[in-house]
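**Student:** Take this structure first; my questions come after.
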Amino acid sequence: MQQFIEFVQGNLILALVWAGLVVALIMSVIKQKTAPYKIVTPSDATVLVNRQNGVFVDVRTRDEYRAGHIAGAVHVLAKEIKANNAAEIEKHKSDPIILVCKSGQTAIESANALAKAGFENVNVLKDGLISWNEANLPLIRNKKKK
């Protein structure tokens, strides 16, 4: 114990950085456990859709959605969810909702908004379409009009 105290006294900045990282890690875990949504992998998401009538909700822009989206995904812009104008998914309040964005970050804000709006089972696709593509799962691509 004496060596530990000497180390901390001799390397105060390093010890503070280490303590800060530990606190940040603990806070991150607590935030994830208490969040009103769950982070799901692509395989978990397909199970939710196939066995529990889950619905993919794509919150990317219209152009990104047209470039490629998950089959059966409902397209609702993130700003519409924040403004509580998501009438397309209102009938799915009790079904699992899997929010999809490009990288998994934008969908978190939408997940919080849906949970506040009363949706019971809100999920976010981990790493968004990046993880979907890495799992070699199919996308529907709209053909360009000539």
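**Student:** Report the charge-dipole magnitude of the chain in Debye, nearest 20, computed about the Cα centre from +1 at each Lys and Arg Cβ and -1 at each Asp and Glu Cβ.
**Tutor:** Here the size comes out at about 720 debye.
**Student:** If you don't mind, there's one more thing I want to ask. Pop out the carbon and sulfur fraction of the accessible area of the chain as a percent, whole number, probe 1.4 Å. Before the final figure, lay out each step's value.
**Tutor:** On the way: 5500 of 9830 Å².
The value for the chain is 56 percent carbon and sulfur by accessible area.
**Student:** With every protein chain present, what is the per residue accessible area of the chain (1.4 Å probe, Å²)? The partial results should precede the final answer.
**Tutor:** On the way: 9830 Å² over 146 residues.
The answer is 67 Å² per residue.
**Student:** Arrange the residues VAL22, VAL122 by how much accessible surface each exposes, largest first, with a 1.4 angstrom probe.
**Tutor:** VAL22, VAL122
**Student:** I would also like to ask the following. Please give the length that would be gained between THR34 and GLN2 if that part of the chain were fully extended, namely 0.36 nm times their separation in residues minus their C-alpha to C-alpha distance (nm, one decimal).
**Tutor:** Full-extension gain reported as 7.7 nm.
**Student:** Suppose accessible area is computed on protein heavy atoms with a 1.4 Å probe; arrange MET1, MET27 from highest to lowest.
**Tutor:** Most to least solvent-accessible, the answer reads MET1, MET27.
**Student:** Another question, if that's okay. Jot down the per residue volume, in cubic angstrom and as a whole number, of the convex hull over the alpha-carbon atoms of the stretch 52-98. Provide the component values of the computation, followed by the final result.
**Tutor:** Working: hull volume 3.2 nm³, N = 47.
Taking only Cα atoms, the stretch 52-98 has a hull volume of 69 Å³ per residue.
**Student:** Ok, one more. Stretched out fully, how many nm does the piece from ALA83 to LEU21 gain, at 0.36 nm a residue minus the Cα gap?
**Tutor:** Working: separation 62, 0.36 × 62 = 22.32 nm, distance 3.56 nm.
So the extension gain works out to 18.8 nm.
**Student:** Computed from these coordinates, which is semi-axes √(5λ) of the Cα gyration tensor in Å: (1) 39, 18, 14; (2) 32, 20, 14; (3) 20, 19, 16?
**Tutor:** Read-out from the structure maps to (1).
**Student:** Calculate, axis by axis, the spread of Cα positions in the stretch 3-82 along the three principal axes, and write the results as whole Å, longest axis first.
**Tutor:** Cα extents, longest axis first: 61, 30, 22 Å.
**Student:** Taking all protein chains together and a probe of 1.4 Å, list VAL47, VAL74, VAL40 from the most accessible to the least accessible.
**Tutor:** VAL47, VAL74, VAL40
**Student:** Is the stretch 72-118 best put as rounded, prolate or oblate by its Cα gyration tensor, with a ≥ b ≥ c the root eigenvalues, rounded for a/c under 1.5, and otherwise prolate when a/b is larger than b/c, oblate when not? Display every interim value, and only then the final one.
**Tutor:** Details: a/c = 1.42, a/b = 1.22, b/c = 1.16.
Rounded shape, in that the Cα axes give a/c under 1.5.
**Student:** Still on this model: Sticking to Cα atoms, compute the Rg of the stretch 86-145 to one decimal and its Dmax as the biggest Cα-Cα distance, whole number, in Å.
**Tutor:** Reported Rg and Dmax, both Å: 13.1, 39.
**Student:** How about the stretch 61-146: which GluC sites (Glu not before Pro) there lie in a loop by DSSP and see at most 13 other Cβ atoms within 10 Å? If you can, show how the numbers build up before the last one.
**Tutor:** Details: sites: GLU64, GLU80, GLU88, GLU90, GLU109, GLU120, GLU134; in loops: GLU120.
Passing sites in the stretch 61-146 are GLU120.
The values are calculated or read from the model by the stated rules, or taken from the named source; none is laboratory data. Here the structure is a predicted model, which means the values were calculated and not measured. In this analysis, Cβ positions are derived from the backbone assuming ideal geometry, glycine residues included, and neighbour counts consider all displayed protein chains. We work out accessible area using only protein heavy atoms, side chains counted, and drop any ligands, DNA or RNA first. Shrake-Rupley method; radii C 1.70, N 1.55, O 1.52, S 1.80 Å.
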